[in-house]
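Below: one structure, written as structure tokens.
The values are calculated or read from the model by the stated rules, or taken from the named source; none is laboratory data. Values in this document were obtained by computation on a predicted structure and should not be read as measured data. Protein only, heavy atoms only, side chains kept; ligands, DNA and RNA dropped before computing areas. Shrake-Rupley method; radii C 1.70, N 1.55, O 1.52, S 1.80 Å.
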Amino acid sequence: MKKEHHYYVYILASKRNGTLYIGVSNSLYRRSLEHRLKQKKDSFTAKHNIYKLVYFEQYKYIQDAISREKQMKKWNRAWKIRLIEKENSSWRDLFNDME
């Protein structure tokens, strides 16, 4: 029996209406924790203090997640903010709901 995989497209923010980062991962918890701990000190997220998980989508296939990530990265800022606020109007850190 094949193990079912999950892939995630996620948006991190420095604060409400702050700097945004879009990424993709097969482990949302692990990747979010890496951003929080600033494991890559010279990364964009570490330099700009971006670690709050404010939005994510789950996919069954990695190709779908990567396509969605690329699509979202092309969006203008207003569209990204609208997407976040539709699902998470208070910009609550969703990382706190995981574990």
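Structure notes:
- Whole-Hz ³J(HN,Hα) from phi, Karplus 6.51 cos²θ - 1.76 cosθ + 1.60, for region 21-32, glycine and proline x: 9, 10, x, 9, 7, 9, 9, 5, 4, 4, 5, 4
- Using θ = phi - 60° and Karplus 6.51 cos²θ - 1.76 cosθ + 1.60, couplings along region 3-15 (whole Hz; Gly, Pro as x): 6, 7, 9, 10, 10, 10, 9, 9, 10, 10, 9, 6, 5
- Based on C-alpha pairs under 8 angstrom that are at least 6 apart in sequence, the chain has a relative contact order of 34 percent.
- Ellipticity estimate at 222 nm from DSSP helix runs (n ≥ 4, -39,500 (n - 2.57)) divided over the chain, nearest 500: -11000 deg cm²/dmol
- Cα-based radius of gyration of region 49-99 once divided by 2.2 N^0.38 Å, which approximates compact folds: 1.23
- For region 1-60, lysine pairs separated by 8 or more sequence positions, or belonging to different chains, with Cα-Cα distances below 21 Å total 11.
- Sorted into 10 angstrom bins from 0, the C-alpha pair distances of region 9-97 split as 17, 52, 30, 0 percent.
- Per residue value of the accessible surface for the chain (all protein chains in place, 1.4 Å probe), Å²: 67
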